[in-house]
Amino acid sequence: MQVVRCHRRSSSNDVVVSTLPLYRSAPPLEVRLEDFELFAMDRLRVLKGISDGLSRGKKPEEIAKLAMDHWKANMRYPQATEDVNKDNISHFVLRLVYCRTEELRKWFLSMETALFRYRFHSESSEAQRALMSEFNLPYKAVSNAEFESVKDKLVQVARSMGQTLLPADAIFYKVPFEEVSELVAGRRVFIHKGHAYVAMNQVVSLVVTQFRSNLSKALILTNRKWTSTIREQEKDRLTPIVEALCTSYLGPDYSQPKEFAEISIKDIDQIAKTSFPLCMRHLFEKVREDHHLKHGGRMQLGLFLKGVGLKVDDALAFWKAEFAQKVGAERFDKEYAYNIRHNYGREGKRTDYTPYSCQKVILSTPGVGDHHGCPYRHFSEENLRAALARMGVGSRIVEDVIDKARNRHYQLACTLTFEAVHGSSCDAGINHPNQYFIESQKILQSKNGSMAQ
């Protein structure tokens, strides 16, 4: 595998080096299973940082800085060779992770394309030209004679974007206008006879379009390989890791309560109204109403309650009091009590199970009669409006929340709900239901001077 790319400048013997890969083929490297997962999670932190910035409406220059800061924090190695290896390995691992459904592919394609754009911008102009040549794009620089014939028009476009003069060594490429639609839409290019004149500092649009196209095709092919051979061949080794990575939570651990060490059954109804996120509030109301939840709902709500401080004995008492009204106490003890103790590490492998993150809740697939999952994703707009109104969200904010949900920014929709309910900003955004609870309790506690109810 060629780990760095070298090109010679035509005017000297200096070497132009670019460490931005095009990810055309997976690197033939042996990777430890621990690094396989670790590298992927580090890259995922970068992509999710970009996603959060975009969903919160940050400016392009802010997101670019955010992306590069995340890259330096998570993807750098002391040695350049290892740096590039980690880059390649993590990209191809996440290809496996995100090739498996159309929704996953769409998210990964958008975030990787954005990351490529920001990294391309950070390259030198010589390295950018070298990368452009590697794509074998069929564009040639405009000749001096043609440049002079359209120079006045190019100057007008430059002035409209706040540039007073064209650089003396300005280079332009002439390309079919439909291939740079974002530049056309922003009126950042001069168009003549179906062609756009693209400045060198805008050439990123050409390269990014090609990168996105190549990656989109590669994800489809990867999915075919995954479903036809890889998944079954690696079912005991890689498959569990790959299938879990897309729901990986990368923030604080909420498996044990921290700030608020305990909640009691007598307070749980009031606390649910004030501090439960909509996904958990809906499940809580359903178990109170129907005296039953299917397995997915019991897991989602049960682990959340564990994380906010409901002790195992109180959890058993809570679930039994509800379920016994429908299935009877004896059947509850026989069919349901074991799983509750198991979630608390009191049965089986004694595993300390972790409450579900927003990502895991969002990607769940509730069926008929299920109530788990993310309401911002799974509710109809009518049901979501009604649920938000019951939480006390004003009509204007409700429409903002609906708009975010409609555009698949589910966590931002939840963040807007949190801010509306509590009258306080949440700059970090909501990434975990238990985070919602803790932040809510902090705000209410500061107002009331004790654990808010």
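The values are calculated or read from the model by the stated rules, or taken from the named source; none is laboratory data. The structure presented is a predicted model; accordingly, all values stated were derived computationally and were not measured. Here the Cβ is made from the backbone with ideal geometry for all residues, glycine too, and neighbour counts use every protein chain on show.
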Which members of region 330-380 meet the condition of being part of a helix (DSSP H, G or I) and over 20 Å from Cys279 (Cα atoms)?
-> Glu330, Arg331, Phe332, Asp333, Lys334, Glu335, Ala337, Tyr338, Asn339, Arg341, His342
Kindly list the number of the only condition in (1) surrounded by 14 or more Cβ atoms within 10 Å (Cβ to Cβ); (2) of a type in the set (D, E, K, R); (3) within 30 Å of Trp107 (Cα to Cα); (4) at pLDDT below 95 that fails for Arg396.
-> (1)
Determine whether region 427-442 contains at least one residue that is surrounded by fewer than 20 Cβ atoms within 10 Å (Cβ to Cβ), more than 23 Å from the chain's Cα centre (by Cα) and in a helix (DSSP H, G or I).
-> yes
Test Ala185 against the stated conditions and say whether it is under 38 Å from the mean Cα position of the chain (by Cα), small (Gly, Ala, Ser) and surrounded by 13 or more Cβ atoms within 10 Å (Cβ to Cβ).
-> no
Go through region 103-135 and give me each residue that's assigned to a helix (DSSP H, G or I), of a type in the set (Ser, Thr, Tyr) and either within 22 Å of Met75 (Cβ to Cβ) or modelled with pLDDT of 90 or more (or both).
-> Ser110, Thr113, Tyr118, Ser122
Is it the case that region 368-377 has a residue that's more than 20 Å from Phe437 (Cα to Cα) and touching a Gly at 6+ places or on another chain (Cβ under 7 Å)?
-> yes
Has region 166-173 got any residue that is touching a strand residue (DSSP E or B) at 6+ places or on another chain (Cβ under 8 Å) and closer than 28 Å to Tyr23 by Cβ?
-> yes
Cross-chain or 6+ apart pairs with Cβ under 6 Å, region 210-235 first and closer than 30 Å to Met132 by Cβ, then of a type in the set (Val, Ile, Thr) and assigned to a helix (DSSP H, G or I) = Arg212/Thr113
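Here is a yes/no grid of residues against (1) surrounded by fewer than 17 Cβ atoms within 10 Å (Cβ to Cβ); (2) part of a loop (DSSP other than H, G, I, E, B); (3) over 24 Å from the mean Cα position of the chain (by Cα):
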{"site": "Glu232", "(1), (2), (3)": "yes, no, yes"}
{"site": "Pro240", "(1), (2), (3)": "yes, no, no"}
{"site": "Asp253", "(1), (2), (3)": "yes, yes, no"}
{"site": "Ile268", "(1), (2), (3)": "no, no, yes"}
{"site": "Cys279", "(1), (2), (3)": "no, no, no"}
{"site": "Leu301", "(1), (2), (3)": "no, no, no"}
{"site": "Lys306", "(1), (2), (3)": "no, no, yes"}
{"site": "Lys326", "(1), (2), (3)": "yes, no, yes"}
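Looking only at region 413-432, which residues are within 19 Å of Arg45 (Cα to Cα) and touching a residue at least 60 places away in the same chain (Cβ under 8 Å)?
Within region 413-432, the first condition is being within 19 Å of Arg45 (Cα to Cα), and the residues that meet it are 427-432.
Passing the criteria: Gly429, Ile430, Asn431, His432.
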Subset of region 331-358 [within 16 Å of Gly297 (Cβ to Cβ) and loosely packed, with under 15 Cβ neighbours inside 10 Å] | Glu335
Scanning region 404-426 residue by residue, the ones that are more than 17 Å from Tyr249 (Cα to Cα), assigned to a helix (DSSP H, G or I) and of a type in the set (A, V, I, L, M, F, W, C) total 6
